[in-house]
Amino acid sequence: MNRILCKINKERQPRQSANSRAFRAEWLDESRNKGITLVEIIVSMLILAIIIVPLLSSFVTAGKANLAVKNNSFARTVGESVIESVKLLGIEGTALEFYKDTESAETFIMAAECSGFGEIVPVGGHESVVTNNGIKKFSPQASGIYEYMITGVKQGTGTYDVKLKLDKNAYPNDYQYADLSAFASDKTALVNPALRNSDYDYKALQYFKQLHERYLYSKYVTIRDQIEAENGEKWEQYYEELDRYNEEISQGHEAVKPELPQTKPIPDKEEALPDEYIKNNIKKTLDISIKEKVEGGNTIYIVDSTMTYECDNTLRQFAATNDVIVKTYSGYCSDQGYADIESLLVMYAPFSGIDTLNLETVNIKKETLRDIDVYIIVQSDRDVSTSGSALNVNVDTAATGSINLYSQASLDVTPATISSERKLIHDVADSADTIYNIDVEVYKAGGTFSSLITSIKSTLVNR
């Protein structure tokens, strides 16, 4: 029986193996002939598009940004070139340059690198260059404003249009200033609180602000503690009455329940005063002393100074006591020695502005036989002569020898016998040196000046 089964198995095995090989061969043939379907191609293309489109967009954005940076860089180069040309030529030379023939206009980026240039004549004005007997001459504008244009300027890979404006009225040219060249001498002493980066006005203001804020806080704490104490007493009384009430009720007696106490709310802390109000309560005094001493047979002149700030506390806004609070600073000009001295230059910055100069004082104590000229230069961004307020100057002459005061500001001098004049003070309007504002705007080329790329500002001292 076993022999029969083995024989049957041996006969079956080759037939199964043959069938399996035939199946695999058939499947492989079908797989080779099947290929890629249209759906698979479409899906693959969609996936590829999803990946590529953002990359392409980033490339385009980066390219535009790079082009914009280059364009702006080229435009700034054009603008800076124009500004340098204006500074080289001055107001008159610039005007003449814009009226030269194309072939000869070489200082600006004009002849070979632009398509055109000329002046933009202001309304009510005239051309800045006139021709007399064949000779071109500069003709100033009454307004002090000059405008020019340059078109088709080539720079790098771009082309640009340029507008140039020169404006003398952009700066306070009618203001007065001190001719400091007169003080370039080793016989001139300088008193300038800003020399050592010592902003005493700012320090004083901060000092009194802190006093004010601390005082307000102390007032707030006092009031708060007082109200809390009063409210605490009321609550104590309430709880005592409530205990008696509960005791009466527990004994079966009738009683009236006490009402909750009426307490006071704690008020908010007062708002601090603004800086301008605090400044108006402060008086500034600059004390200067000039004395001499002998060392080794030689006379040495000593200049010393201190800055004092007095705060009016009459309304008790800075402290609970004292009607006047004083803060003094020294060290910026402390015991400075000079082998000789002829003049003293005081650079004085008003604490609250030139309109309240009457609240400020300069005290000068001269303890030397030397004749000394004192120049007080009041620093301001406004014309000091327009102020109706005068700076108080007190002179104490403890020794013989004259002292003369000079300033561009009004001085209220004590004693009245001390001379006070205007000296070494000049009007810019009378000077050959005038400050002009330079504005250069660079546009995309086209002649319409509608698409601004960049603008550059500078200044010119026209000599």
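The number of residues in segment 75-98 that are out of contact with any strand residue (DSSP E or B) (no Cβ under 7 Å at 6 or more places or on another chain) and farther than 29 Å from residue 132 by Cα comes to 2.
Can you tell me how many residues within segment 119-134 are in a strand (DSSP E or B) and either surrounded by 13 or more Cβ atoms within 10 Å (Cβ to Cβ) or at pLDDT below 85 (or both)?
To start, the set of residues in segment 119-134 that are in a strand (DSSP E or B) comprises 119, 129-132.
With either surrounded by 13 or more Cβ atoms within 10 Å (Cβ to Cβ) or at pLDDT below 85 (or both) added as a condition, the list becomes 119, 129, 132.
Residues meeting the conditions: 3.
Does residue 97 qualify as being in contact with a helix residue (DSSP H, G or I) (Cβ under 7 Å, 6 or more places away or on another chain) and either modelled with pLDDT of 85 or more or closer than 23 Å to residue 449 by Cα (or both)? Considered against the rule, which asks whether it is in contact with a helix residue (DSSP H, G or I) (Cβ under 7 Å, 6 or more places away or on another chain) and either modelled with pLDDT of 85 or more or closer than 23 Å to residue 449 by Cα (or both), residue 97 comes out as yes.
Tell me which residues, restricted to segment 132-152, are β-branched (Val, Ile, Thr) and closer than 19 Å to residue 457 by Cβ. Correct list: 145, 150. The single condition among (1) outside any helix (DSSP H, G or I); (2) surrounded by 12 or more Cβ atoms within 10 Å (Cβ to Cβ) that residue 220 does not satisfy is (1).
Which of the strands (runs of 3 or more DSSP E) found entirely inside segment 240-349 contain at least 2 residues meeting this: without any contact (Cβ under 8 Å) to a residue 12 or more places away in the chain?
Values: elements: 282-295, 298-312, 324-330, 336-338, 343-348.
Ranges flagged: 282-295.
Scan segment 133-148 for residues that are among the hydrophobic types (A, V, I, L, M, F, W, C) and over 31 Å from the mean Cα position of the chain (by Cα) and jot them down.
The initial filter retains those residues of segment 133-148 that are among the hydrophobic types (A, V, I, L, M, F, W, C), namely 135, 138, 142, 145.
Selection gives 135, 138, 142.
Take the residues in segment 257-297 that are of a type in the set (A, V, I, L, M) and closer than 30 Å to residue 189 by Cβ, then tell me which one is surrounded by the fewest Cβ atoms within 10 Å (Cβ to Cβ). Per the criteria, the residue is 294. Whether a residue is at pLDDT 90 or above and either among the hydrophobic types (A, V, I, L, M, F, W, C) or on the phi < 0 side of the Ramachandran plot (or both) was assessed, and residue 286 passes this test.
Only residues that are at pLDDT 75 or above and not aliphatic (A, V, I, L, M) were counted across segment 323-335, and they come to 6.
Quick test for you: out of 130, 162, pick the one residue that is aliphatic (A, V, I, L, M) and within 33 Å of the chain's Cα centre (by Cα). Even if it seems obvious, please write down each step before you answer.
Working: 130 fails: within 33 Å of the chain's Cα centre (by Cα).
Result of the check over 130, 162: 162.
The values are calculated or read from the model by the stated rules, or taken from the named source; none is laboratory data. The shown structure was predicted, so the numbers you read here are calculated from the model rather than taken from an experiment. Glycine gets a Cβ as well: all are built from the backbone with ideal geometry, and neighbour counts include every protein chain shown.
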